[in-house]
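For reference, the structure discussed in these notes is given below.
Readers should treat all values here as calculations from the given coordinates under stated rules, not as data from a laboratory. Source: prediction; values computed, not measured. All Cβ positions, even for glycine, are placed from backbone atoms using ideal geometry, and neighbour counts span all protein chains on display.
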Amino acid sequence: MAKAFLLISLLIIPLRIFAETAINQTNVAESQHAANESTSTDYQAKVWNIRKEDWSRYEQIMQSKGKFLWKDLDPITILGLNARSDSERNRYAELLAKQEFDHAQKVILLDRAYNQAFLKLYGQLPVVDTSQLAISQAKASLLTVPKAQVKGEFGDRYIAFVNTQCSTCDELIRQALSSIQLGVSLDIHFKKDSRQAITQWAAKQRISPQSVEMGTVTLNPDSELYDQFGQPAEPSLYYFNKASNQVSEVK
């Protein structure tokens, strides 16, 4: 009988230890989860410069109708839309105003740095020497040539007339850039655009500083060719064949 009791006791003790260990592990896991949640709440509240209770309320809103109505809005706007009082709404509105002001300041600083960078890279826009193209003589033999028939021989040039505010001009330049072959250049002429507007436009068209420095692409403000070409429409694209000294409009 004593042996049987001893055996039962030996079985019960490990089970009790196992149960206590499992409970302790569960408590530790729950504590860690709570700590992680607290850390996450603290972090998110700090990121958005709001209170911890604000972030908790935001999460509650987004677990209900918020995930359908306002999934693309920021937490402060969502909290403002669901404000429970005028004072709460005013507080979120002030936070939004400060956030937008800070963003605007950063955009202004970046824009200044951007303009300085492009003045450094494109400050001296090379201008094509039209006398070397004998345009005055070549223009007398203006023809029309389909794009597919442009040969693209060494020393030839595309001549484009565009402005920086013309979406169809952008498309024409993209096509011309993709058509440039080895030894063929693209001269882009502007009539009234400022040099700053041209440099920003060139960046938008992904015209590299290297291609401008090498003369593969030239950017020509206040171009005299507008008058020589009879005030062409914008956009217009021509092709100068060096061998024949002939300019043809590309259609």
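For the reader, a short list of remarks on this structure follows.
- Sites L109 and S179, calculated FRET efficiency, Cβ-Cβ separation with R0 45 Å, nearest 0.05: 0.70
- Computed over neighbours whose Cβ is under 14 Å from that of W70, the net charge equals +1, Lys and Arg +1, Asp and Glu -1.
- Put a dot 7 Å past the Cα of K65, heading toward its Cβ, do the same for A197, and the two dots end up 4.8 nm apart.
- Cα-Cα separations in region 160-251 greater than 23 Å, expressed as whole percent: 18
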